[in-house]
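Undergrad: Shown below is the structure under consideration.
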Amino acid sequence: MVNRLTEEQGLLADSTQSVPEEFAFSADCVSRRFGDIQALNKVDFALRSGEIHALVGENGAGKSTLAKIISGGLRADTASMRLFGQPYLPKSRRDGASSGVAYVRQQLSLVRGLTVAENLQLGRPGAAPIFDLKAAVAEIDHWCSELSLEVPPESLVDDLPLALRQQAEILTAVAWGARLLILDEPSSNLGPRETAALIGFCHRLREGGTPIIYISHRLPELTELADRLTVLRQGEVVVSGADVRRADLHEVAALMVGDVSLLEVERPSREYGETRLAVESLTVQMDRSVGLEDISFQVRGGEVVGVVGVAGNGQQALAETLTGQSRSTAGRVVVDGVEVTGNPRAAINAKVSHLYEDRAIGLATQMSVADNVVARRVRDNEFSRFGIRLLSRIRSHAALLADRFQVRPPDPMAKAGSLSGGNQQRLMAARELENNPSLLVAHGPTKGLDPEASKVMRDRIFAVAETGGAVVVISADLEEIRELADRVIVLSSGRIADSFDIVEMSSARLGAAMAGLSDNDYERSNIQ
Amino acid sequence: MMLLPEQVMRLDVWKHRFRNVMQPSSLALGVAFVIGGVLLLGFGEDPIAAYSAMLRGAFGSRFAIGETLARAAPLALVGFGAAVALRAGLVTLGAQGQVMTGAIGALLTALMFEDAPSAIALPAAAIGGAVFGMAWALLPAVLRAYWRVNEILSTLLFTEFAFLLLKYLLNDPLKPPRAITPQSVEFPENASLGLVLGGTRFHYGILIVPVACLGFAWWIRSTRGFEYDLYGENSVLAKGLGVSERRVIVSSLLISGATAGLVGWIQVAGLLNRVYVQIAAEIGFFGLVVAFLGGARPLGVLAAAVLFGALQSGGLSMQSAEGIPASLSDIIQAVILLGFSVRYAPQIASLFDCIADRMMPSRRTN
């Protein structure tokens with residue numbers, strides 16, 4: 001149905017019919033399944049020699065899975081691939097690398113305690129047992145002038161800013177003889193100037209004859225960068241090799257998100273109370289992930305705000321700052337009139353609850369169910385006297401909550417880590433939801449839960465709103481946002497790209513915001 | 001027999017403890033003695049005779065029991081302190097040095113109160129020992145809490161400093177006029193700890209061990225101790241729940257410093273009467289081992305300390321009675337340790353992970 005849609009709209013008009021010059025790489029009918037999830041379903045993909053081909057899609061669309069299969073890090077269930085005219089079936093990443101496919105991931109792989117030159121020689125295919133560092137330095141200088149990079153060969157990787165580290169990584173791949181480069185979300189941590197530099201040397205690489213697969217969810221930069229684009233959604237190709245310059249990016253963005261019509265949604269009409277959470281021009285800098293830039297919004301009691309966006313656009317920073325765990329460089333977070341910015345104790349006292357995205361962080365897995373359940377409230381009079389914990393009371397309370405939140409087995413002495421994932425999630429919910437939170441920050445609350453368990457969890461989150469709490473749901477799952485949220489905030493590169501009432505949510509609007517089309521940067525570049 | 005739900009729960013607790021701690025411990029112990037027995041056979045000795053000599057040497061007489069306890073007490077005390085730090089996720093190798101400075105502190109304080117009545121001089125010396133032990137832990141604690149300087153390395157380094165300081169003091173300022181070997185002046189009589197059992201080495205200082213054990217049990221049950229456990233288990237979560245990271249690090253390292261300092265005190269005030277270069281022997285390091293083996297729990301640490309005390313005193317008397325080298329008991333200690341390392345392999349591995357994370361922050365992802 002989707003294909004019909006795109007054809008009708010003439011998106012792929014020129015690309016499929018023109019007789020292709022020689023393909024650098026082609027893959028037919030790539031499928032891959034993980035358990036119940038069909039990550040890729042009969043995907044066809046072709047890369048012309050000397051082109052930059054953008055691979056676009058939101059979380060879980062299958063971009064990285066496809067990249068891993070091409071680079072050899074993952075085996076497809078079915079696929080027939082050709083690389084430079086030869087049949088190609090890599091058994092490992094190393095295998096792929098020796099065929100000339102280099103995969104530069106978001107988490108860079110250089111050893112941080114070594115210099116760039118040392119990294120160049122370390123693990124190099126066919127390297128001599130003793131590193132020739134002088135040659136490495138000369139080689140780096142050569143590539144730097146060739147591609148106009150600015151990588152200092154003898155600096156520790158750790159001392160380089162992220163943009164240069166990434167240049168070093170790409171340089172290493174090229175120097176090792178990459179004939180095909182896959183860049184996975186290379187611009188996600190870069191500022192506008194650095195992105196421009198990245199685009200510059202991608203073009204120089206292309207001129208040098210190296211085709212590039214460029215994975216991204218940010219459309220604006222693609223107009224300058226890429227030649228063609230392919231859009232994946234839920235493991236299927238929805239746009240195949242369209243010409244970037246001719247494509248309507250807003251349409252592409254909408255296709256990327258898919259159909260989010262709201263036919264089935266019915267909101268129980270709730271009376272909202274007073275403002276309980278006020279976020280005032282919050283700016284946060286994070287060490288190793290995207291922070292926040294001048295964010296303001298308010299949530300009233302009984303209101304559920306959904307925060308959407310492609311993962312890694314400031315969600316982590318938002319969750320941590322709302323719950324007092326991260327400091328802000330500017331602005332503040334106020335819950336019920338009390339400032340909690342950078343003060344977890346104040347947040348706990350203000351009854352702020354946090355369903356952590358990662359259960360391994362939200363629970364003390366080596367401690368018992370009982371210890372986990374009361375960890376928030378151990379100093380309450382109910383659970384301790386004169387600084388001594390009342391163990392039997394803690395245990396019976398834990399047994400009670402385990403029963404109420406359906407934690408199996410309901411054994412208060414079992415190690416939290418011995419429970420299954422779903423039960424761990426319920427255990428965390430028991431700790432965070434039992435006491436009528438003023439603000440609940442739920443980060444990916446149903447990730448990895450089965451539909452039944454997800455429904456129960458969503459009901460519980462609703463219950464918080466019904467008792468007058470403010471709720472912020474951070475989720476990449478649009479289905480979930482549609483079911484829970486009254487209002488939607490779209491995060492893109494740490495900024496609020498758009499914000500609207502749930503009934504105004506449409507594919508076009510959401511897609512545009514998520515793909516960065518409503519960014520100021522984009523508008524500016526359009527004006528020029 | 002009908003059990004009330006409350007009792008069932010308590011029974012469950014013990015079942016968990018048995019499964020998690022006692023069962024593997026006794027297994028490791030058994031295996032160690034079997035391996036030791038095979039070694040003895042290999043050397044042409046009778047294992048039964050050797051072990052019974054060892055047992056007699058450890059528990060067979062008033063003297064033997066006193067000896068075992070005198071050796072177990074410092075291990076237990078250091079073990080409790082190390083366990084407090086261990087539970088907070090900190091590994092301190094500083095006890096060795098803190099025993100030395102504790103002994104010096106106790107001696108210096110006692111010398112200051114030389115003319116005071118015992119009732120003042122004795123506790124003063126104890127406090128002096130504890131304070132000097134703590135002082136030696138302070139800088140590593142602050143470095144760790146404020147600048148993330150790895151505590152394992154800094155405490156090890158501070159042990160070296162303590163040893164050099166001790167050697168200097170015993171070769172010059174504290175050395176009695178006509179002594180040839182490095183040693184301190186005598187510990188003042190009025191601050192000394194007497195013997196509980198005459199003719200043995202069972203001195204009054206050993207009686208702090210049960211007190212410390214109760215204190216440690218109280219610590220574990222306290223809300224604060226719980227927060228420290230939580231920090232040790234999952235520091236991100238603990239901080240999210242409002243636990244102060246700096247406070248946990250500084251306090252737990254200071255507590256372990258204080259207990260090691262107390263060990264310095266009981267060794268000089270109850271056992272040796274002078275400070276020697278070897279005052280700490282290997283107490284600091286074995287104390288950490290005891291804390292590990294005891295699962296960082298009060299009774300576990302106590303049992304591990306008595307076991308190691310018994311192996312040490314039993315080993316020595318096995319040597320004198322049967323002519324079997326005492327190093328055999330060292331081997332048994334080592335095999336026990338090995339057995340436990342296997343048992344704790346995942347925990348130890350995760351400990352190393354956590355150390356690696358700390359030394360290379362890049363391994364942590366946000």
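Read-outs throughout are calculated quantities, based only on the coordinates presented, and are distinct from any laboratory measurement. It should be emphasised that the depicted structure is a prediction, and the values quoted were computed from it without experimental measurement. Reconstructed Cβ throughout: ideal geometry from the backbone, glycine too, with neighbour counts over all protein chains shown.
Undergrad: Hey, which lysines would be in cross-link range of A:K68, C-alpha to C-alpha under 22 Å, not counting anything within fewer than 8 residues on its own chain?
TA: Partners found: A:K42, A:K91.
Undergrad: Starting from the Kirkwood Rh over alpha-carbon pairs, what translational D in µm² s⁻¹ does segment A:297-435 have by Stokes-Einstein at 25 °C and 0.890 mPa s?
TA: Values: Rh = 16.3 Å.
This corresponds to a translational diffusion coefficient of 150 µm²/s.
Undergrad: Please tell me the relative contact order of chain B in percent, rounded to the nearest whole number, where contacts are Cα pairs under 8 Å and at least six residues apart. Spell out each step's value before the answer.
TA: Working: 605 pairs, mean separation 117.0, N = 366.
That works out to 32 percent.
Undergrad: Indicate, rounded to the nearest 5 percent, the antiparallel portion of the DSSP beta bridges found entirely in the protein assembly as shown. The partial results should precede the final answer.
TA: Working: 46 of 80 bridges.
Bridges in the protein assembly as shown that DSSP calls antiparallel: roughly 60 percent.
Undergrad: Another question, if that's okay. Please work out the Cα center distance from segment A:144-169 to segment A:209-233, rounded to the nearest Å.
TA: The distance from the Cα centre of segment A:144-169 to that of segment A:209-233 comes to 23 Å.
Undergrad: While we're on this one: Which one, B:L153, B:G30, B:A125, is farthest towards the positive end of the dipole of chain B when Lys and Arg carry +1 and Asp and Glu -1 on their Cβ?
TA: Final value for the positive-end residue is B:L153.
Undergrad: Estimate the FRET efficiency between A:Q298 and A:V456 by the formula 1/(1 + (r/R0)^6), using the beta-carbon distance for r and 41 Å for R0, to the nearest 0.05. Write down the numbers at each step before the final one.
TA: Values: r = 29 Å, r/R0 = 0.71.
It comes out at approximately 0.90.
Undergrad: May I pose another question? Taking the simple approach of a point 7 Å from Cα along Cα-to-Cβ for both A:I361 and A:S396, what is their distance in nm?
TA: With each label point 7 Å from Cα toward Cβ, the separation is 3.7 nm.
Undergrad: For chain A, what is Rg from Cα atoms divided by 2.2 N^0.38 Å, rounded to two decimals?
TA: On the way: Rg = 25.2 Å, N = 528, 2.2 N^0.38 = 23.8 Å.
Compactness ratio reported: 1.06.
Undergrad: Hey, another quick one. Between B:F33 and B:S327, how many nm apart are label points set 7 Å from Cα along the C-beta direction?
TA: It is 2.5 nm.
Undergrad: When the C-alpha atoms of the protein assembly as shown are aligned to their principal axes, what extent does each axis show, in angstrom, from largest down?
TA: 103, 70, 53
Undergrad: Order these by the 10 Å Cβ neighbour count, fewest first: B:W147, B:W219. Don't skip to the answer; put the middle values down first.
TA: Numbers: B:W147 7, B:W219 20.
Ordered by Cβ neighbours within 10 Å, fewest first: B:W147, B:W219.
Undergrad: Quick one: go through segment B:85-127 and flag any residue whose amide nitrogen is under 18 Å from the point 7 Å out along the Cα-to-Cβ line of B:N150.
TA: Only B:86, B:89-95 fall inside the zone, counting backbone N under 18 Å.
Undergrad: Grab the Cα-Cα distance for A:R327 and A:Q285, subtract it from 0.36 nm times how many residues apart they are, and report the gain in nm with one decimal. All intermediate terms of the calculation are to be shown ahead of the outcome.
TA: Details: separation 42, 0.36 × 42 = 15.12 nm, distance 0.83 nm.
Extending this stretch completely gives an extra 14.3 nm.
Undergrad: Need one number: % antiparallel among DSSP beta bridges in chain A, to the nearest 5. Write out the running numbers ahead of the final one.
TA: Details: 43 of 77 bridges.
Beta bridges within chain A, antiparallel portion: roughly 55 percent.
Undergrad: If you don't mind, another one. Just to confirm the filter: which trypsin sites (Lys or Arg not before Pro) across segment A:389-439 are DSSP coil and have at most 12 other Cβ within 10 angstrom of their Cβ? Each step should come with its number before you reach the end.
TA: Working: sites: A:R389, A:R393, A:R395, A:R404, A:K415, A:R426, A:R431; in loops: none.
Listed in order of number, the matching sites amount to none.
Undergrad: Please give the calculated 222 nm ellipticity per residue for chain A, where each DSSP H segment of at least 4 residues contributes -39500 (n - 2.57) and the sum is spread over every residue; nearest 500 deg cm²/dmol?
TA: Details: 20 runs with 183 residues, N = 528.
Counting only the DSSP helices, I get -10000 deg cm²/dmol.
Undergrad: Could you check the spin-label model distance between A:R408 and A:E224? Points 7 Å from the Cα along Cα→Cβ, value in nm.
TA: 5.5
Undergrad: If you line up the long axis of helix A:162-175 against the longest principal axis of chain A, both from Cα atoms, how many degrees apart are they, to the nearest 10?
TA: In chain A, helix A:162-175 runs at an angle near 40 degrees to the longest axis.
Undergrad: Sticking with this one: Binning at 5 Å from 0, report for segment A:368-435 what percent of all alpha-carbon pair distances ends up in each bin.
TA: Values per bin, smallest distances first: 4, 20, 33, 24, 12, 5, 1, 0.
Undergrad: Output the relative contact order of segment A:2-257, whole-number percent, from Cα pairs under 8 angstrom with separation of 6+ residues. Let's see the in-between values first.
TA: Details: 469 pairs, mean separation 74.1, N = 256.
Once divided by the residue count of segment A:2-257, the mean separation gives 29 percent.
Undergrad: Count neighbours as other Cβ atoms within 10 Å of each site's Cβ, and list the trypsin sites (Lys or Arg not before Pro) in segment A:86-180 that are DSSP loop with at most 10 such neighbours. Please list the in-between numbers first.
TA: On the way: sites: A:K91, A:R93, A:R94, A:R105, A:R112, A:K134, A:R165, A:R179; in loops: A:K91, A:R105, A:R112, A:R179.
Here the sparse-neighbourhood loop sites are A:K91.
Undergrad: Starting from 0.36 nm per residue, how many nanometres of slack lie between A:R193 and A:N59 once their C-alpha separation is accounted for? Please report the intermediate quantities before stating the final value.
TA: Working: separation 134, 0.36 × 134 = 48.24 nm, distance 2.57 nm.
Fully extending the segment from A:R193 to A:N59 adds 45.7 nm.
Undergrad: Another question about this same structure. Could you let me know the centre-to-centre spacing of segment B:25-49 and segment A:322-364, using Cα atoms, in angstrom?
TA: Using only Cα atoms to place each centre, the spacing works out to 57 Å.
Undergrad: If the viscosity is 1.002 mPa s and the temperature 20 °C, what Stokes-Einstein diffusion coefficient in µm²/s follows for segment B:195-327 when Rh is the Kirkwood radius over Cα pairs? Could the numbers behind the result be given before it?
TA: On the way: Rh = 17.1 Å.
Once the numbers are plugged in, D ends up at 125 µm²/s.
Undergrad: Suppose every K and R has +1 on its Cβ and every D and E has -1 on its Cβ; what is the size of the dipole of segment B:243-333 about the Cα centre, in Debye to the nearest 20? Can you show the working numbers first?
TA: Numbers: 4 positive and 4 negative charges, 77 e Å.
Approximately 380 debye in magnitude.
Undergrad: If you average 1/r across every pair of different Cα atoms in chain B and take the reciprocal, what Kirkwood value do you get, in Å? Intermediate results must be reported in sequence, preceding the final value.
TA: Working: mean 1/r = 0.0462 Å⁻¹.
Hydrodynamic radius (Kirkwood, Cα pairs) of chain B is 21.6 Å.
Undergrad: To continue, here is another question. How large is the dipole of chain B about the Cα centre if only Lys and Arg carry +1 and Asp and Glu carry -1, each at its Cβ, rounded to the nearest 20 debye? Present the calculation step by step, with values, prior to reporting the outcome.
TA: Numbers: 25 positive and 21 negative charges, 158 e Å.
About 760 debye.
Undergrad: In whole percent, what relative contact order does chain A give with Cα contacts below 8 Å and a gap of six or more residues? Could you put the intermediate results ahead of the total?
TA: Values: 1066 pairs, mean separation 79.8, N = 528.
For chain A, the relative contact order is 15 percent.
Undergrad: Follow-up. Going by the alpha-carbon gyration tensor, a ≥ b ≥ c the square roots of its eigenvalues, is segment B:76-284 rounded (a/c under 1.5) or, if a/c is not under 1.5, prolate (a/b greater than b/c) versus oblate?
TA: Numbers: a/c = 2.51, a/b = 1.65, b/c = 1.52.
Prolate.
Undergrad: So what's segment B:89-180 giving for Rg/Rh, alpha carbon basis, Kirkwood Rh from the mean inverse pair distance? Write down the numbers at each step before the final one.
TA: Values: Rg = 15.2 Å, Rh = 14.2 Å.
So for segment B:89-180, dividing Rg by the Kirkwood Rh gives 1.07.
Undergrad: Still on this structure, I have one more. Calculate how steeply helix A:133-147 sits against the longest principal axis of the alpha-carbon atoms of chain A, using the helix alpha-carbon long axis, and give the answer as 0 to 90 degrees to the nearest 10.
TA: It works out to around 80 degrees.
Undergrad: Straight-line reach from B:K175: which lysines have a Cα under 28 Å away, not including same-chain ones fewer than 8 places off?
TA: B:K167
Undergrad: Cut-off under 17 Å on the C-alpha distance; same-chain residues fewer than 8 positions from A:K455 excluded. Which lysines are left, in chain and number order?
TA: Correct list for A:K455: A:K447.
Undergrad: What ratio of Cα Rg to 2.2 N^0.38 Å holds for segment A:2-257? All intermediate terms of the calculation are to be shown ahead of the outcome.
TA: Details: Rg = 18.2 Å, N = 256, 2.2 N^0.38 = 18.1 Å.
Normalised Cα radius of gyration, segment A:2-257: 1.01.
Undergrad: To the nearest 20 debye, what charge dipole does the protein assembly as shown have about its Cα centre, counting +1 at the Cβ of each Lys and Arg and -1 at the Cβ of each Asp and Glu? All intermediate terms of the calculation are to be shown ahead of the outcome.
TA: Working: 82 positive and 91 negative charges, 617 e Å.
In total the dipole reaches around 2960 debye.
Undergrad: A follow-up question, please. Using 0.36 nm per residue, how much length does the chain from B:S52 to B:S26 gain when fully extended, once their Cα-Cα distance is taken away?
TA: On the way: separation 26, 0.36 × 26 = 9.36 nm, distance 1.88 nm.
This chain segment gains 7.5 nm when fully extended.
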